[in-house]
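> I'd like to ask you about the structure that follows.
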Amino acid sequence: MSKRPHPTLPKLAFAPPTALPARRTMPRSIIDTHIHLFTSDQISANHITWPAEKAAHDPLHQPHELAFYQSVTERAASSGLLVSPLEGFVFVQAEVKHDDSDSTGAKGGWDSAVDEVDAVCKAALAGPTPALLGLVPWAPVHKGPEALKAFIARLEALPSLLALSLRASTLSGESAVKARPIKGFRYLLQDSPAGFSLSEDFIAGLKWIGEQGYTFDLTVDAGPLLQGPIVLEEAIECISRVQSEQEEGKQTKFILDHFAKPDLVSEPTFPLKDDHTSYIRSMFSLSLLPNVYIKLSGLLDSAAPELVAEAFAEYLEGAAKAGAGHARTGSLSGIPVAVAGEGASQESASGSSMSLLKRRVLTFLAPVLEAFGDSKLVVGSDWPMFRAKTVKSTSIETRDINEEAAAWAFEIQLYRLCFLDLGLDGEALDRVFAENAKEFYSLP
């Protein structure tokens, strides 16, 4: 009986391992889905009052116009603080004055909101970069369909909006819905009394705007110091009631601004506090509803001012050490920034303020990402609201454009690092930083 031959391994077994493709850690582009603009004319005309009510030393106590935002984002790109190109932005109403009792606009209760849209459109026509991709103005949603029809008719009669619509359709060649500048509406619910969003007129208004192809930015405050988990339960009921009366596949699209403003001041505990557990439970419930997205924005505003200031100082120190300008991705002071050249130092900062801020963001981002996946999240800067906790400038004359650019890039980079820690890269980053926004807001 012949012996079996000794087993042999194929030559391929002795070949060097195939190198894995490099991990792409930057999105191909960015759409800033949440910025606010307000002019000196609006403030002097008393159309928007809250900036003037800020203390004189507050960085928000001054106009924030499109030209300023453009200079900030352009400097962030040219200095290497952000290597992904900015495709454009979505303007979201800055809470101008309005009269909630005015059902027709005849009493002047809509004038400030109309003026706000006019001002943004005129500024966008005057400056092409970065591109205004969409408008999300205030609307009298709480007054129902008839009031909405009248309000939108006033907006559509604005020469500036007509000119912007014509330019968008000419340049993009897209469908009418994608070319029209107004993508959706927002009515702030964070200061509304309990049950406000469940009124018959509000539900009818939300249903109607969805049927016209518009979206709704849902802004509530789930922080424990206010109404806590109750507001999220009400949001779930509101959306469910709206969509239950709509044809499947054509339900109104909702996006939850600022992650519903969770508590980033307190250090997370294990086991989690009741309000934190309730928040996570509500996020999973919301994720089961069709056409519901969530916007990662404004979280710096939910964190302790001291922590944000310290983390931003670390970010600035890291950028200064790196010599911003030659963009490569590194890790400085606990957060990726654009650094000079190859082989930049990689500092561990597990005990830094940046590390603590990131940990608090991840406490909420991790379960939300698990609930919604990477196809229902978008990113926005909430410019200029974070300026109150980052920049030192208190007047237009003393603004430091380099500090301003770093402050804008700081929040974007913070979110990017958090996504990387959760395993997102490549096409997943493309989705959360740009593609999902195009899908939700029907952007060109």
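The values are calculated or read from the model by the stated rules, or taken from the named source; none is laboratory data. For clarity, every value in this text was computed on a predicted model and none was experimentally measured. Every residue, glycine as well, gets a Cβ built from its backbone with ideal geometry; the counts of neighbours run over all protein chains shown. Only protein heavy atoms, including side chains, enter the accessible area calculation; ligands, DNA and RNA are left aside. Shrake-Rupley method; radii C 1.70, N 1.55, O 1.52, S 1.80 Å.
> Go ahead and run the numbers for FRET between residue 233 and residue 67, Cβ-Cβ distance against an R0 of 30 Å, rounding to 0.05. If you can, show how the numbers build up before the last one.
Working: r = 42 Å, r/R0 = 1.41.
With R0 = 30 Å, the Cβ-Cβ based efficiency is 0.10.
> Ok, one more. To the nearest 0.05, what FRET efficiency results for residue 388 and residue 44 with a Förster distance of 22 Å applied to their C-beta separation? Mind dumping the intermediate values first?
Working: r = 22 Å, r/R0 = 0.98.
With R0 = 22 Å, the Cβ-Cβ based efficiency is 0.55.
> If you don't mind, there's one more thing I want to ask. Which listed residue (304, 369, 286) has the Cα farthest towards the positive end of the charge dipole for the chain, taking +1 on Lys and Arg C-beta and -1 on Asp and Glu C-beta about the Cα centre?
Toward the positive end, the furthest listed residue is 369.
> Another question about this same structure. What does the convex hull of the alpha-carbon atoms of segment 38-91 project to on average, in nm²? Please list the in-between numbers first.
Values: hull surface 18.8 nm².
Mean projected area for segment 38-91: 4.7 nm², to one decimal.
> Would you calculate a helix-derived [θ] at 222 nm for the chain, using -39,500 (n - 2.57) for each DSSP H run of n ≥ 4 and dividing by the full residue count, to the nearest 500?
Values: 15 runs with 180 residues, N = 444.
Calculated at 222 nm, the ellipticity per residue is -12500 deg cm²/dmol.
> Quote the FRET efficiency, to the nearest 0.05, computed for residue 101 versus residue 25 with a Förster distance R0 of 56 Å and r equal to the Cβ-Cβ distance.
Details: r = 51 Å, r/R0 = 0.91.
My answer for the efficiency is 0.65.
> Here's something else I'd like to know. Provide, as a two-decimal number, the C-alpha radius of gyration of the chain over 2.2 N^0.38 Å, N being how many residues it has. Intermediate values should be presented prior to the final figure.
Numbers: Rg = 23.6 Å, N = 444, 2.2 N^0.38 = 22.3 Å.
Expressed relative to 2.2 N^0.38 Å, the Cα Rg reads 1.06.
> Accessible area per residue, 1.4 Å probe, Å², for the chain: what's the number?
Values: 19170 Å² over 444 residues.
Heavy-atom accessible area per residue stands at 43 Å².
> Could you state, as a whole-number percent, how many of the C-alpha pairs of segment 261-314 are farther apart than 19 Å? Intermediate results must be reported in sequence, preceding the final value.
Details: 632 of 1431 pairs.
Of the Cα pairs, 44 percent sit more than 19 Å apart.
> Can you pull the percent of segment 67-115's accessible area that's carbon plus sulfur, 1.4 Å probe, other chains left in place?
Values: 900 of 1770 Å².
Answer for segment 67-115: carbon and sulfur cover 51 percent of the accessible area.
> Separate question: Provide the packing ranking of 184-192, 284-292, 131-139, i.e. peptides ordered by the mean count of other C-beta atoms within 10 Å per residue, highest first. List each step's numbers first, then the result.
Working: 184-192: 19.8, 284-292: 16.8, 131-139: 23.1.
Descending mean neighbour count gives 131-139, 184-192, 284-292.
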